Amino acid sequence: MSDRRSHEQFRLIVGMSRAGTKAVMRSLNLMDDVAAYGESCFWGSFWVQPNADGWYHRAQLDRIKKIYCSSILVPFDYDEGGLCAPLEEAQAQIATDIDSLQTPVSPGKAFSVLGEAIAKTVGKDVWVEKTPHHLMYLDRILEHSPNARIIVMLRNPASFLLSYKHQGDNKPEKIRKRFHSTYHPAVVAFICRGYLRSALRAQEKWPENVKIVSLEKLIAEDSVTIFDIANHLELDSNSKLRHLNDNSSFESATARPALKGSELVWLRLFTKRYARELDLHEPIAGSGLFGFIGSVLSLPLWGVRLVVATSSNKNYTSWRHLLNWVKS
């Protein structure tokens, strides 16, 4: 039996959530031959364990087909940077292409089939996949695609926490309440640390595969541009390419609230050293000692709220994902 690795060169966008991965994905779709899509979660939360021999057989492929014929892949819309095709067409193409595979199949090949089906659906030649939390699974990914080209999107810790805190503000009331009830600055700072530590490890272990991009520097075109991203992904960029900046948390810079002193204390405790090593702005010192003590005491209540949220919504952030950040 041949090598389990696909030997295909994946092109991936990973990194922090709330760090511009969606905007980069849509920007790349401005190119004539590129179909950038997400979020497959293939290597992470939707991972299908191979058979004992390390390959996918028909049972695993059927499970994969079921997942991707019902999950919401993006951006299948007609907005700027959208894929301009009905999602149902892509799902039908995925099902057809998975059914046509001859088993056994490597996980890398199965992943490639998803991208190829989407590119075929929208009439493009090259596919790029975007799932932020795939950053935590680069060992698994590079085992199957040793030549993968990977963009790791990061942002300054304070901006990450602020955006994460307010990500539900523009959602319907029920979703907004759930976001607010399960927010705790210690947990978000801890998640931020997990992203930063994983990015540092990726940079040290796979320097040829990985390019780290700061969202703030990309927006300002300070040492990195969308063309640099395309070049790292080995895409033939053209004049149509430009960065579609997206602010999904706040309507404008003037609408940005300030972080509390206690939130800044948590950020400095968890992320200061890693932000410095990655050349990101370190979180400034906070002065909310009493607020910090109060937030420490509120952690048990936060745990109860998370249990309630995860038990009522299977797709909501779970303890399993938190454990991934603990290990990172």
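The values are calculated or read from the model by the stated rules, or taken from the named source; none is laboratory data. None of these values were measured; they are calculated from a predicted model. As a convention, Cβ positions derive from the backbone with ideal geometry for all residues, glycine included, and neighbour counts pool all protein chains shown. Protein only, heavy atoms only, side chains kept; ligands, DNA and RNA dropped before computing areas. Shrake-Rupley method; radii C 1.70, N 1.55, O 1.52, S 1.80 Å.
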Within segment 133-169, track down each residue that is among the basic types (K, R) and under 17 Å from L278 (Cα atoms). R155
Condition check for A258: surrounded by fewer than 17 Cβ atoms within 10 Å (Cβ to Cβ), of a type in the set (A, V, I, L, M), at pLDDT below 80 and not in a helix (DSSP H, G or I): no
Got a number for residues in segment 71-111 being of a type outside the set (A, V, I, L, M, F, W, C) and closer than 20 Å to T21 by Cα? 8
Determine whether segment 6-15 contains at least one residue that is open to solvent by less than 10 Å² (accessible area, probe 1.4 Å) and over 22 Å from E234 (Cβ atoms). no
If the requirement is being open to solvent by 10 Å² or more (accessible area, probe 1.4 Å) and under 15 Å from L114 (Cα atoms), which of these qualifies: Q91, Q49? Q91
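Do you know which of the residues in segment 184-229 that are outside any helix (DSSP H, G or I), touching a residue at least 40 places away in the same chain (Cβ under 8 Å) and of a type outside the set (G, A, S) is most open to solvent (accessible area, probe 1.4 Å)?
K211
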